[in-house]
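Asks: This structure is in structure tokens; I'll ask about it shortly.
The values are calculated or read from the model by the stated rules, or taken from the named source; none is laboratory data. Quick caveat: nothing in here was measured; it's all calculated off a predicted structure. Positions of Cβ are backbone-derived with ideal geometry, glycine not excepted, and every protein chain shown enters the neighbour counts. Please note that ligands, DNA and RNA were not included when accessible areas were found on the heavy atoms of the full protein model with its side chains. Shrake-Rupley method; radii C 1.70, N 1.55, O 1.52, S 1.80 Å.
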Amino acid sequence: MAKQKNFGMVIDTRVCVACSACVYACKSENGVPEGYCRDWVVQETDGTYPKLRMENRSERCQHCEHAPCVTYCPTGASHYAGDGTVQIKPHRCTGCKACLAACPYDARFVNPRGYADKCSLCQHRIEKGLDTACVSVCPTSSLNLVDFNDPEGKAVSMMNGKEVYRQKEHAGTSPSLYWISASNKPGA
Amino acid sequence: MTEMTTEIISTKLNPNVLPHLHIWEWHIPLYLFLGGIAGGLLVITSIMIILKRKFGIGPKDEGDGCPCLAVRIGSLLSPVLLGIGMLFLFLDLAHPLYVWAFYTTIQPTSPMSAGSWILIAFFPLAVLQAMLVNKKFLRERNIGIVNKLIDWTEDHLTLVALINSQIGVGIGIYTGILLSFFYARPLWSSSILGMLFLVSGISSAAALMMLFSPDDEKPLYSKIDANALWIELVVVGLFVLGGITGPANNSGAMMHLIGGDYQMAGMSYMVWFWGVFMALGLLIPLFLEFLEAAGVHIKFPLVAPVLVLIGGLVLRFLIVFAGQTYHTFM
Amino acid sequence: MSHGQDLNRRDFIKISSLFLAGSAAMSSQIGQTLTGGGTAFAGNAGDERVVYSFCEHCFWRCGIAAHVRDGKIYKITGSEHHPLSNGKLCPRGTGGIGQIYDPDRLAHPLIRERKGGKSTYRKATWDEAITLTAEKLYQIKEKYGPQAIAMLHHGYGYTFFKEMFKSFGVNKFAKPSFDFCCGPRHQGYILTYGHSAGTPEGIDIENSKYVIFFGTHYGENMHNTAVQEISEGIRRGLKIVVFDPRFSTLAGKAEKWLPIKAGTDIAMMQAMMNVLITENLYDKEFVEENTVGFDELWAEVREMTPEKAAEITDIPAEDIREVARRFASYAPSAAVHPGRRTQWYADGTQRVRCIAILNALVGNYKMPGGVVKYEKYKLPKAPHHHYPAFEKEIWSQYPLFTDIKPSNTMASHEVMQQTLNDEIKAWFVYGVNVPETITLGRTATLEAINKVDFLVAVDTLPMEVTGYADVVLPECTYLERYDDLDGGRPYRTPFVALRQPAVEPMFDSKPGNEIARMMADKLGLHGVFEDSVEEYLDKRLKTAGSSLEEMKKTGVLLAEPTDLYRKPGEKLKFKTPSGKIELASSKMKEAGFSAVPKYIKHPEAPEGYYRILTGRKPMLTFGRTANNRFLNELPTARENDIWVNPEVAKQHGLTNGEYVHLKNQAGVVSDYPIKVKVTERIRKDAVYMVHGYGHYFKKLKWAYKRGASHNQLISQTEIDKAIGAVGFQNNFVTFIKEA
């Protein structure tokens, strides 16, 4: 019997160049409406000239294990899909927007068609064994789709020995996106 | 100490969260206001019914079991105002044709699910109560089913009124709880918000009852209102202090509300909060009602309740807007 | 004919929207494709197909997979078969759908007419337009000779036009990107190693341990496999050093960012050579065996100590020493990257030679992590039509114009110059937005445009150049046509790639191969082309043992990977006059230039002015994407901004986000204001703005008035007299606050 999947991502910010290919690929793949995005790119620079540090990140819904959006949804439209992702059933969404208020990552938007929308981790692709659109296009392979239940432990080996963090962990959301910090040395 | 600068460039495109959360506009504060009043009215009227029926306390009856005019109008207004409020909620929905989805499930962890059901549960008993207190008028219509319902309610009045008072509290409090569960929005994330909305709802309801009650009943409602106002003052104080003494997110959000220069309809939050809500909406009415109670008659006695209502409305707008314009939980 | 006397003759015509794609025809396509239905495609295999081709957004020409559903391309991904993509794609490639479904596309051939003193365009049939073009070209050739006609081109579809012109006897071809972009890089390498740096560049980044970049901004320029290699390199332990006045994205990954003063790279590299030689860190054996000119080089760099360079470059001497020493310690798995746009001042060629020399000094040639030379796919050359004898093979006046088998015969600024001298009478412009393309600056360019007798523009969008043309011929986009095989570039895995249409050409646009064939027919040139481009491609592929049918399946032919590294005891051979790596270039010397790179001090900014630096954004390719709504939707793409150091901002009273006009040293004021970005990421003596904004043609409905034009602020240019490339970095700006 095939083991249940627990999808997430490991994102290596050391190599990300903030090119935004992931943003456009997602838009094409998922027909994201104009004026909105399901994923986005952040370039953060800290310090004062000439001592500067930079981290580039491709961000999206974190598919939390304790997702406030799922806790909060009054109709069960936002739900845990059983594969480690959080999905939305548009036909059960009333557009109350509680999930937008609940999300500490500001990852959701209201689709002009009326329902709440966000990164679906390309469920229609990953269930067929493909990578998500953003992972497929990423020219630096910064984005990696992982299955935390994978017995080969690719996720762990990717993160082994590196400084890895999750965003807003103190919020208690237990997000499924793991970030390899840009402060890691090359070859770490 | 030199300041470390952080430069963030983002490609994010989302008018719902940029430049700040922007999901709820006037519909929600208006609903909160009307819902608070409806809940407050239900609480006040049901308690007054019990006090009169069981303990004989309260203003004179109209006779034949019909309580005073204020209670009759109040009981009627409660479901009406809540209905109007629910209309606003419906208008706020982005996917209105799917509103039925609220009622095909109960999501125990969702205050909004609880709220949607409370809103429904509210109506049957509140309407029955409204019918009962206006039975003299309704009996004249001589509609069979109506008479039957009034009789049933009469028989179970104590229970109905008690339940209604709890539902009233529920209506008043759940909206605050609903907002306070959003820890991603630091301003709302306060355990006392539910209590604040409840007390504010009661003070607004009492003020409304003051407005439409006959002169001889006014002092009673003035007293109820005054009490509600000073409790509200205490609760607001705790709300503000709780925010300011909290961690950075919470203190920042509270300062954004009470000390911020962010504008709402041309004035800063600070002016709205201290000038309109606190001064005009709480302190001055409290003072006026205190004078009333002390026997000093004011030339324009209805100033106080109107100010209280304005204050209640402004409070809702401030909290809903300021909660969205402050940044997400960091 | 009163050409040249009528000053308004070439006044700028705003193309009426009647002649553009138009909203009605486009809206349904755009609506569905770009704004999307919000539902992910569940995968009905029925009406969906994937077409393999290669992209045209830049010269990397990555392999793409165009996904077509219901006759519309709804997404473009990287081709998993093409070695330049490996399944990945840059943002511009994915944004191709924004180009093909651009509502402002040219839809019909247009002919300029004068009516009542005003110039307008009228819609024309292809026959009319081609006939007029052919007639004019024929007349001009008869009257002035074939050297009176020149073709300016940028874009892979130019090959058919080149073939046609050569058969016609015309061989004046110029590609502006040689002048101001990569010319020096090609020539600098050829003069030193005897071969070009290549596209992709021959640096074994993914196996390297230490790569130094001078001003190259990978990440902001998105060369697919270069970025893939840098990422792989980082995962394997590659350390990056970046010399750049600006903290670029690449600098953000560097173990050391050195904010070098602009214009002093040669001094820095000479100092590094100085350290390598003084401290005996260079590969003596390699240098002795494989190079010539060491003594001349040493004579030149012995004075450039790190201390002296520190004063010039504003980088501390100990940093210079540290980088040089670490470079040597990691060698031969260490390299200096040649970059691509390398003409900033008039000494670009020598600057690239410095890079080549530094690589040679540490002996990293054909070593893992060093300089490598890729191989080409052995594709037999296409048989070509008989060309009449050309008066000259190369028309450029510059002695070292190019040693590569020329795809170009002169520099594009020479086309301008020769037009102003009445030597050139007609221009055929293929995919070049001449007024916005830096050849000699906008003013001189517009002068030349006004002088030329006949101007034909072949383009996809109504770029500014189309407003000046006599005939506008709408070519369809790369997604709607066949082009020649891409088989001439050396790479790790030698390849040939096919460009094939994913959908039919839209409106009345035609592929270049068809336009060229029509012109050849009209000019009475027979047998230049096969009856159809498919026939031509099939014939060519058959000589390589394949066929069009076969190649359409994956879009590529692959050969065995290049054997990159030197074998022990292998004797290296270089196609230079000496047969060795020329640290001192004999060809430069012969042509009367310095054999070894010399540091020349470049002009400083006047008081209150700042040197204007430029570059790219990863989702844009200047003119090609300026009007692309899909790509430009992102807030980072919508406009450019001017990067200003906080101290400079304070001095001029600038706040972050305010709009200002820029004025350059010649008094030129930018037409449109630009947003100020106060940032720690740039030196105090320079400012930075991305090129390619500030379009002034209203018909580019999206691009119109967005951002400010960098091109407009170029008044001063310097010409590299050796190869004819044009530098434009000696331009300085100050700020004019809005009233």
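Asks: How much of the accessible area of the protein assembly as shown, in percent, comes from carbon and sulfur atoms when a 1.4 Å probe is used? All intermediate terms of the calculation are to be shown ahead of the outcome.
Replies: On the way: 26630 of 46240 Å².
Here it works out to 58 percent.
Asks: Identify which of A:177, A:100, A:52 has the largest mean-square fluctuation in a Gaussian network model of chain A, with springs joining Cα atoms closer than 10 Å.
Replies: Ranking A:177, A:100, A:52 by mean-square fluctuation puts A:52 first.
Asks: What nm distance separates the two modelled labels at residue B:245 and residue C:382, each placed 7 Å from Cα along Cα→Cβ?
Replies: Each label point lies 7 Å from its Cα, and together they span 8.2 nm.
Asks: While we're here: Any chance you could give the angle, 0 to 90 degrees and rounded to 10, that helix A:21-30 forms with the longest Cα principal axis of chain A?
Replies: Helix A:21-30 sits roughly 20 degrees off the main axis of chain A.
Asks: What is the pair-distance distribution P(r) of the stretch A:1-44, computed from all Cα-Cα distances in 5 Å bins starting at 0, with each bin given as a whole percent?
Replies: In order of increasing distance, the bins hold 5, 17, 20, 19, 16, 12, 7, 4, 1 percent.
Asks: Can I ask one more? Please list, in order along the stretch C:682-694, the HN-Hα scalar couplings obtained from phi with the Karplus expression 6.51 cos²θ - 1.76 cosθ + 1.60 (θ = phi - 60°), rounded to whole Hz, x for Gly and Pro.
Replies: Calculated HN-Hα couplings, in order: 8, 5, 6, 9, 9, 10, 9, 9, 6, 7, x, 10, x Hz.
Asks: Tell me, what is the per residue accessible area of the stretch C:569-725 in Å², probe radius 1.4 Å?
Replies: Working: 6110 Å² over 157 residues.
On a per-residue basis, 39 Å².
Asks: Looking only at B:227, B:14, B:134, which one moves most when chain B is put into a Gaussian network model with springs between Cα atoms under 10 Å?
Replies: Answer for the Gaussian network model of chain B: B:14.
Asks: For the stretch B:274-327, what are the per-bin percents of Cα-Cα distances with bins 5 Å wide, up to the bin holding the maximum?
Replies: 5, 21, 24, 18, 14, 8, 6, 4, 2, 0
Asks: On the first, second and third principal axes, largest extent first, how far apart are the outermost C-alpha atoms of chain A in Å?
Replies: If we take the Cα atoms of chain A, the spans are 50, 46, 33 Å.
Asks: Accessible area drop of at least 10 Å² (1.4 Å probe, protein heavy atoms): which residues of the stretch A:145-188 qualify, relative to the chain alone?
Replies: So the qualifying set is A:168, A:170, A:171, A:186, A:187.
Asks: Still on this structure, I have one more. Which of A:162/C:684; C:141/C:376; C:373/C:587; B:136/B:218 have a Cα-Cα distance over 28 Å? Don't jump to the answer; show the numbers that get you there.
Replies: Details: A:162/C:684 36 Å; C:141/C:376 37 Å; C:373/C:587 22 Å; B:136/B:218 23 Å.
Checking Cα-Cα distances, A:162/C:684; C:141/C:376 exceed 28 Å.
Asks: In nm, to one decimal, how far is the modelled label at residue C:586 from the one at residue C:604, with both set 7 Å along Cα→Cβ?
Replies: About 4.2 nm, to one decimal.
Asks: To the nearest hundred square angstrom, how large is the accessible surface buried between C and A, total for both chains, probe 1.4 angstrom? Don't jump to the answer; show the numbers that get you there.
Replies: Working: alone 27530 and 10120 Å², together 33900 Å².
Rounded to the nearest hundred, the buried surface is 3800 Å².
Asks: Could you sort the residues of the stretch C:223-261 by number and keep only those whose accessible area is reduced by 50 Å² or more in the all-protein-chain setting relative to the chain alone, 1.4 Å probe?
Replies: In the stretch C:223-261, residues shielded by partner chains: C:234, C:235, C:247, C:249, C:253.
Asks: Which three semi-axes in whole Å describe the equivalent ellipsoid of the protein assembly as shown, each the square root of 5 times a Cα gyration tensor eigenvalue, listed largest first? Intermediate values should be presented prior to the final figure.
Replies: Values: eigenvalues 957, 230, 175 Å².
They are 69, 34, 30 Å, listed largest first.
Asks: Report the equivalent ellipsoid semi-axes for the stretch B:17-92 in whole Å, largest first, defined as the square roots of five times the eigenvalues of the gyration tensor built from alpha carbon atoms.
Replies: Values: eigenvalues 265, 25, 9 Å².
For the stretch B:17-92, the semi-axes come out at 36, 11, 7 Å.
Asks: Right, here's the next one. Calculate the translational D of the stretch C:333-481 in whole µm² s⁻¹ from Stokes-Einstein, where the hydrodynamic radius comes from the Kirkwood formula applied to all Cα pairs, the temperature is 20 °C and the viscosity 1.002 mPa s.
Replies: Working: Rh = 19.0 Å.
After rounding, the answer is 113 µm²/s.
Asks: Antiparallel as a % of all DSSP beta bridges within the protein assembly as shown, to the nearest 5? Don't skip to the answer; put the middle values down first.
Replies: Working: 71 of 118 bridges.
If we restrict to bridges inside the protein assembly as shown, about 60 percent are antiparallel.
Asks: Could I ask something else about it? At R0 = 60 Å, how high is the FRET efficiency between residue B:293 and residue A:160 if r is their beta carbon distance? Nearest 0.05 is fine. Could the numbers behind the result be given before it?
Replies: Values: r = 73 Å, r/R0 = 1.22.
Using R0 = 60 Å, I get an efficiency of 0.25.
Asks: What's the FRET efficiency of residue C:704 with residue A:113 using the Cβ-Cβ distance as r and R₀ = 30 Å, to the nearest 0.05? If you can, show how the numbers build up before the last one.
Replies: Details: r = 31 Å, r/R0 = 1.03.
Calculated transfer efficiency: 0.45.
Asks: Let me ask another. For chain C, what is the mean residue ellipticity at 222 nm derived from helices alone (per DSSP H run of n ≥ 4: -39500 (n - 2.57); sum divided by total residues; nearest 500 deg cm²/dmol)? It would help to have the intermediate numbers written out before the result.
Replies: Numbers: 21 runs with 200 residues, N = 739.
That calculation yields -8000 deg cm²/dmol at 222 nm.
Asks: Something else about it: For the stretch C:572-659, what is the largest minus smallest coordinate of the Cα atoms on each principal axis, given in angstrom and ordered from greatest to least?
Replies: 57, 40, 22
Asks: Moving on to the next point. Given 0.36 nm per residue, what is the gain on full extension from residue C:666 to residue C:390 after removing their alpha carbon distance, in nm?
Replies: Values: separation 276, 0.36 × 276 = 99.36 nm, distance 4.12 nm.
Stretched fully, the residue C:666-residue C:390 segment lengthens by 95.2 nm.
Asks: Here is a follow-up. Per residue, how large is the accessible surface of chain A? Use a 1.4 angstrom probe and give square angstrom. Working shown, then result.
Replies: Working: 6370 Å² over 188 residues.
Per-residue accessible area for chain A comes out at 34 Å².
Asks: Rounded, prolate or oblate: which one fits chain B, using the alpha carbon gyration tensor with axes a ≥ b ≥ c (rounded when a/c is under 1.5, else prolate when a/b beats b/c, else oblate)?
Replies: Oblate is the answer for chain B, as a/c is 1.5 or above yet b/c matches or exceeds a/b.
Asks: At R0 = 60 Å, how high is the FRET efficiency between residue B:121 and residue C:318 if r is their beta carbon distance? Nearest 0.05 is fine. Don't skip to the answer; put the middle values down first.
Replies: Numbers: r = 77 Å, r/R0 = 1.29.
Once the sixth-power term is evaluated, E becomes 0.20.
Asks: While we're on this one: Quote the total accessible area buried by chains B and A together, excluding ligands, DNA and RNA, probe 1.4 Å, nearest 100 Å². All intermediate terms of the calculation are to be shown ahead of the outcome.
Replies: Details: alone 16580 and 10120 Å², together 22890 Å².
The B and A chains share an interface burying roughly 3800 Å².
Asks: Moving to a separate point now. Compute the long axis of helix C:348-361 from its Cα atoms, compare it with the longest principal axis of the Cα atoms of chain C, and write down the angle in degrees, 0 to 90, nearest 10.
Replies: 50 degrees
Asks: Any idea of the accessible area per residue across chain B, 1.4 Å probe, to the nearest Å²?
Replies: Working: 14420 Å² over 330 residues.
Using a 1.4 Å probe on heavy atoms only, each residue of chain B averages 44 Å².
Asks: Mind checking the stretch B:1-95 for chymotrypsin sites (Phe, Trp or Tyr not before Pro) that DSSP puts in a loop (not H, G, I, E or B) and that have at most 11 other Cβ atoms within 10 Å? Intermediate values should be presented prior to the final figure.
Replies: Values: sites: B:24, B:26, B:31, B:33, B:55, B:88, B:90; in loops: B:24, B:26.
For chymotrypsin sites (Phe, Trp or Tyr not before Pro) across the stretch B:1-95 that sit outside H, G, I, E and B with at most 11 neighbouring Cβ atoms in 10 Å, the list is empty.
Asks: Follow-up. Filter the trypsin sites (Lys or Arg not before Pro) in the stretch C:600-660 down to the DSSP loop ones having no more than 11 other Cβ atoms within 10 Å, then list what survives.
Replies: Details: sites: C:601, C:611, C:616, C:624, C:629, C:638, C:650; in loops: C:601, C:616, C:638.
Listed in order of number, the matching sites are C:601.
Asks: Now a separate question. With axes computed from alpha carbons, what is the tilt in degrees of helix C:442-451 against the longest principal axis of chain C, rounded to the nearest 10 within 0 to 90?
Replies: Between helix and principal axis, roughly 40 degrees.
Asks: Tell me which trypsin sites (Lys or Arg not before Pro) from the stretch B:54-112 have a DSSP coil assignment and no more than 10 other beta carbons within 10 Å of their own. Present the calculation step by step, with values, prior to reporting the outcome.
Replies: Values: sites: B:54, B:60, B:72; in loops: B:60.
Here the sparse-neighbourhood loop sites are B:60.
Asks: In addition: Which whole-number percent gives the relative contact order of chain B, counting Cα pairs below 8 Å spaced six or more residues apart? Working shown, then result.
Replies: Details: 464 pairs, mean separation 75.0, N = 330.
For chain B, the relative contact order is 23 percent.
Asks: Label residue B:158 and residue A:66 with points 7 Å out from Cα along Cα→Cβ: what is the distance between them in nm?
Replies: Result: 4.5 nm between the two label points.
Asks: Related question: Of all the stretches in chain C, which is the longest one without any exposed loop site, taking GluC sites (Glu not before Pro) in a DSSP loop (any state but H, G, I, E, B) with at most 16 other Cβ atoms within 10 Å? Numbers along the way, then the final one.
Replies: Numbers: sites that count: C:80, C:255, C:279, C:303, C:391, C:393, C:530, C:570, C:604, C:607, C:658, C:738.
Longest stretch, sites excluded: C:81-254.
Asks: Now for a different question. Over the residues of the stretch B:1-146, compute the C-alpha Rg and express it relative to 2.2 N^0.38 Å. Can you show the working numbers first?
Replies: Numbers: Rg = 22.6 Å, N = 146, 2.2 N^0.38 = 14.6 Å.
Output field value: 1.54.
Asks: For the stretch C:313-417, with equal point scatterers placed on the C-alpha atoms only and solvent neglected, what are the log10 I(q)/I(0) values from the Debye formula at q = 0.09, 0.21 1/Å, to two decimals?
Replies: -0.42, -1.21
Asks: Past 27 Å, Cα to Cα, is the threshold; run C:172/C:381; C:72/C:522; C:663/C:705; C:284/C:366; C:261/C:721 against it and keep the listed order.
Replies: Details: C:172/C:381 22 Å; C:72/C:522 34 Å; C:663/C:705 17 Å; C:284/C:366 16 Å; C:261/C:721 24 Å.
Long pairs (Cα-Cα over 27 Å): C:72/C:522.
Asks: Just the number, please: Stokes-Einstein D of chain C in µm²/s, Kirkwood Rh from C-alpha pairs, 4 °C, 1.567 mPa s. Kindly include the intermediate steps, with their values, before the conclusion.
Replies: Values: Rh = 26.7 Å.
Translational diffusion coefficient: 49 µm²/s.
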